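What follows draws every value from the coordinates through simple rules; no lab data is involved. Here the structure is a predicted model, which means the values were calculated and not measured. Here Cβ is always computed from backbone atoms with ideal geometry, including for glycine, and neighbour counts include all displayed protein chains.
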Amino acid sequence: RAKAERKGGFCRFEGWMDRTLADRRALERDLRLAVERRELEVFFQPQFACDSLRVVGFEALIRWRHPERGFVSPGVFIPLAEECGLIVPIGRMVLEQSCTLAAGWQPRCRVAVNLSPVQFRDTGLLPLLSEILHRTGLPAALLELEVTEGVLIKDEDQALATLRSLKDLGVHIALDDFGTGYSSLSYLRRFPFDGLKIDKCFVQAQQQDSGTRTILEAVLTMSQRLNLRVVAEGVETQEQLAMLREQGCTELQGFLLGRPMPAHEVPDFLARVTVEMAGREGGRHLRL
Ligand code: C2E
Ligand code: MG
Ligand code: MG
Ligand code: MG
């Protein structure tokens, strides 16, 4: 069949496909090496209380500095890592580093770690988490796991069971990238989330688009009723900040307030800013 296609003039298309496949293979091989050589590094982006602008925590974001390719975006290599199974060791590394570092931060604050659907469905996740929390001494209430709706769609009952056992460990769970994909408002009631993160395209569209603003207002009103914390992502302008405040958003994350920073910069950063006391969250007191 390939021959016929070549005769039919599909050469260029085929060549392009081969190259892409070769590129993918090369990237996959490099990613495997990167894991072994520890070229992957976790950065931390601060999250702020919307009203006081105090720091409430950080989101762990992975970075890959390739010796020749330079910086490779997680948007590129995370999907690849999910396909080839490398996400499990990579995810374990991110969890380990994040909990170890956060256990030493002064004052204490929350760390949020992204969890891919592959990790979420891995039966090793729960034992891994309890082992890491125990070993690092990080109070479970200071770890937030960010999941996307991708974990919910395949098998809702299984997802609910996993979320419940995660909650039993004491960790918090946020629904990430809300407003993209198939995010359904009913998810917020059906699943035991502590918070949701409004995707940056949503945050950034509200300024120009009154329809988006209306939906955002509805989501925020409903979240308050459901006692859910709402983090707005991708806040880049004062106008966005002002609008989110007015609408009753809980927390903010974005380049306006702070970019992702290497782990070694976090202690100095924490010493310079005011941190919202850990142990108080969404008005409820947590036992640490
Ligand atoms: P995400 O979890 O939604 O993370 C937020 C993304 O928005 C990050 O991109 C962050 O750098 C970016 N961001 C934050 N504030 C702003 C802003 O004001 N403007 C703009 N334009 N962007 C902003 P990043 O670090 O490139 O990560 C992309 C995605 O890769 C993440 O989206 C997450 O889905 C995934 N990812 C990153 N680290 C990990 C990880 O350790 N594990 C897993 N499974 N996924 C990860
Ligand atoms: Mg996230
Ligand atoms: Mg997000
Ligand atoms: Mg995203």
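Taking a ≥ b ≥ c as the square roots of the eigenvalues of the Cα gyration tensor of the range 137-209, is the shape rounded (a/c under 1.5), prolate (a/b larger than b/c) or oblate?
In terms of gyration-tensor shape, oblate.
Quick one: helix 210-225 against the long Cα principal axis of the chain, what's the angle to the nearest 10°, folded into 0 to 90?
50 degrees
Between Val203, Val42, Val273, where does the largest GNM mean-square fluctuation fall for the chain, given springs only between Cα atoms within less than 10 Å?
Among Val203, Val42, Val273, the largest mean-square fluctuation in the Gaussian network model of the chain belongs to Val273.
Specify the longest stretch of the chain that does not include any exposed loop site, a site being one of the GluC sites (Glu not before Pro) with a non-H, G, I, E, B DSSP assignment and at most 16 other Cβ atoms within 10 Å.
69-235
Put a dot 7 Å past each Cα toward the Cβ at Glu41 and Ile215; how far apart are the dots in nm?
3.7 nm
Relative contact order, percent, of the range 53-178 when contacts are C-alpha pairs under 8 Å separated by at least 6 residues?
Value for the range 53-178: 23 percent.
How much length is gained on full extension from Ala205 to Val273, taking 0.36 nm per residue of separation minus their Cα-Cα distance?
Contour length minus the Cα-Cα distance gives 21.5 nm.
Counting only residues 5 or more places away or on other chains, whose amide H sits under 5 Å from the amide H of Val230 once H atoms are built in the peptide plane?
It is Leu196, Thr250, Glu251, by chain and number.
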